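**Q** Let me begin by handing over the structure; questions about it come next.
The values are calculated or read from the model by the stated rules, or taken from the named source; none is laboratory data. Please read all numbers here as calculations on a predicted model, not as lab measurements. No Cβ is skipped: glycine too gets one built from the backbone with ideal geometry, and neighbour counts run over all protein chains shown.
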Amino acid sequence: MRVYNKYLFLLTEGITVEKWITAGSHDRREYSVTIDKYRKLYDEVLQRMPYFLRLNMVYIDSTELKRRCLKLVQQIIERLEKSIYELVMQRNIFILKELTRIIDVASEKAYTSEKVVELETFMEKVRRTDFRQLSELHSDMIRWVSISLYNSGYGVTEDDLKQLHITSDYLHKFLGKLDVEESRLFSERFAIEEKIKDHSKEFGKKVQELLKEL
């Protein structure tokens, strides 16, 4: 009976794993080590737990118990793989939303010199930090896909791949989109500066006319 008692913890192990998943952010290595641990456990149960137990000259059929234990371990592995899948798809949505938000802000029209400075500062920050951070986040996400999901039973679907491609394509074209908005903003700055010059000249003329009348 000792061999069966060894695996009784599997009855509540699913709860333990669920707490581990929800406890916080885990990196690829932690997930990889954890999944590998349960895959080895599956093989161990398969090899070491007998289908029949001899007890006092009586054979007890433990086939159902063994199948139950194997199923519990498999469910744990699938839950971990599903967690990776959810993490990847959530991150993909976040990256695409951030990229589109940035372009939406950058495409705002500047009617005043204050707005021009605000947008120039915003775009400078995007180039200096935001784009780099989103690119690194995207690269890490792709590693999750290639290393974790492609080697699991919980693979990405064709529709998932399309969504991942949309984000990758947008990221690839992002700086070009930002260049377009910066070029437009430069034209708007020039137009505003010209308008200010015209107003200054007009004001100067009126001052000169007023001085002549005096």
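**Q** Would you check which residues across segment 108-138 are of a type in the set (Gly, Ala, Ser) and at pLDDT 95 or above and list them? Can you show your working first?
**A** Our first condition is that a residue be of a type in the set (Gly, Ala, Ser); within segment 108-138, this holds for 110, 113, 135.
Across segment 108-138, the qualifying residue is only SER135.
**Q** For segment 92-112, what are the residues that are surrounded by fewer than 18 Cβ atoms within 10 Å (Cβ to Cβ) and either basic (Lys, Arg) or not in a helix (DSSP H, G or I) (or both)?
**A** LYS97, ARG101, SER107, GLU108, LYS109, TYR111, THR112 - these are the residues of segment 92-112 that are surrounded by fewer than 18 Cβ atoms within 10 Å (Cβ to Cβ) and either basic (Lys, Arg) or not in a helix (DSSP H, G or I) (or both).
**Q** Now for a separate question. For segment 21-43, enumerate the residues that are of a type in the set (A, V, I, L, M), crowded, with 17+ Cβ neighbours inside 10 Å and under 20 Å from the mean Cα position of the chain (by Cα).
**A** Hit for segment 21-43 is ILE21, nothing else.
**Q** Follow-up. Considering each residue of segment 44-65, count those that are at pLDDT 90 or above and either within 23 Å of the chain's Cα centre (by Cα) or within 12 Å of TYR7 (Cβ to Cβ) (or both), and give that number.
**A** 3
Let's see how each residue does on (1) in contact with a Leu (Cβ under 9 Å, 6 or more places away or on another chain); (2) within 30 Å of LEU119 (Cα to Cα); (3) among the charged types (D, E, K, R):
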| residue | (1), (2), (3) |
| --- | --- |
| TYR4 | yes, no, no |
| THR16 | no, no, no |
| LYS19 | no, no, yes |
| PHE52 | no, no, no |
| TYR85 | yes, no, no |
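**Q** On to the next question. Cβ contacts < 8 Å: first residue in contact (Cβ under 8 Å) with a residue 40 or more places away in the chain, restricted to segment 15-38; second residue basic (Lys, Arg) and in a helix (DSSP H, G or I), any location; separation 6+ or different chain. Result?
**A** So the pair list comes out as VAL17/ARG79; GLU18/ARG79; ILE21/ARG79; ARG28/ARG143.
**Q** Could you give every pair whose Cβ atoms fall below 6 Å, whose first residue belongs to segment 114-138 and is touching a residue at least 60 places away in the same chain (Cβ under 8 Å), and whose second residue is assigned to a helix (DSSP H, G or I), counting only separations of at least 6 or pairs across chains?
**A** VAL116/ARG189; LEU119/LEU185; MET123/ALA106; MET123/GLU182
**Q** Looking only at residues that are surrounded by 14 or more Cβ atoms within 10 Å (Cβ to Cβ) and among the hydroxyl-bearing types (Ser, Thr, Tyr) in segment 1-20, which one is nearest to LEU80 (Cα to Cα)?
**A** TYR7
**Q** Tell me which of these GLU158 doesn't satisfy, since it passes every other one: (1) under 30 Å from ASP36 (Cβ atoms); (2) at pLDDT below 95; (3) in contact with a helix residue (DSSP H, G or I) (Cβ under 9 Å, 6 or more places away or on another chain); (4) not small (Gly, Ala, Ser).
**A** (3)
**Q** Can I ask one more? If I filter segment 93-112 for residues that are hydrophobic (A, V, I, L, M, F, W, C) and over 30 Å from SER187 (Cα atoms), do I get at least one hit?
**A** Yes - at least one qualifying residue is present in segment 93-112.
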